[in-house]
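Engineer: One structure coming up, written as structure tokens, with questions to follow.
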Amino acid sequence: MSRIEFVRSDLSVEDPSAIYNLGRLATEILNENQLSPTEKLVLDLSSHGLSTKVCANFRSVTFATIAAQRKRAISKLGARNTTHAVRIAFELGILIPEVREDGLIEESSLSPKEYLTLELASLGLTNEQIAMRRRRSVETVKSQKKKILGKLNATNSAHAVRRAYEVGIFSASRINKT
């Protein structure tokens, strides 16, 4: 278990000293794994559903440069993929959701199965891993993801995670970082 996973797994602890220690550990992780401004920007652009090619055009750099920056950000956060990195970044307060009044989506608009699929995808699981864990076919998982993207008006899984934070389906743990 990575140190970030440890922090996330113990967030429900109610002992004040444990919460203080978790906050110190989260600060330590952020300091150790400090994302450069460019890595943070690339992760933010990715969370808006932009592809590597579009990010490269936006930043006027090569595709390989953006891919390398995204890979470094994923590695520094101890994530499995971009979608997982976006989830961790929101949980640690590296990315902040934009609260939107337009087109708010009720949490209940996602079925429990869709919510679970989005939750597992946000933890970096592939379609195959989600299907195995849920004892469903890969096609069923893909179909649920397509419905989730439509309901959240998202273009990919990383964008769906951002939208889930923006509309209140997910909420950041807000660890005290002092």
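Only the coordinates and a few stated rules stand behind these numbers; no lab work does. Just so we're clear, the structure is a prediction, and the values are computed from it rather than from any experiment. Cβ sites come from the backbone with ideal geometry, for glycine too, and all protein chains shown count toward neighbours.
Engineer: Could you size up the charge dipole of segment 107-166 around its Cα centre, putting +1 on the beta carbon of Lys and Arg and -1 on that of Asp and Glu, and report it in debye to the nearest 20?
Structural biologist: Details: 12 positive and 6 negative charges, 38 e Å.
In debye, rounded to 20, segment 107-166 gives about 180.
Engineer: At what distance in nm do the modelled label points of residue 51 and residue 143 sit from each other, each positioned 7 Å from its Cα along Cα→Cβ?
Structural biologist: Taking the two extended label points, one gets 2.7 nm.
Engineer: Also, quick follow-up: Cα to Cα, under 16 Å, and not fewer than 8 places away if on the same chain: which lysines meet these conditions relative to residue 53?
Structural biologist: The qualifying lysines are 71.
Engineer: May I pose another question? Show me 160-172, 66-78 ranked by packing, highest mean number of other Cβ atoms within 10 Å first. Spell out each step's value before the answer.
Structural biologist: Details: 160-172: 21.4, 66-78: 19.2.
Sorting 160-172, 66-78 by mean packing, highest first, produces 160-172, 66-78.
Engineer: May I pose another question? So which lysines can residue 113 reach, going by Cα to Cα under 25 Å and dropping same-chain residues fewer than 8 places off?
Structural biologist: List returned: 142, 145, 146, 147, 151.
Engineer: Next up: Describe numerically, in nm with one decimal, the distance between label points set 7 Å from Cα along Cα→Cβ at residue 64 and at residue 98.
Structural biologist: In this crude spin-label approximation the distance works out to 3.3 nm.
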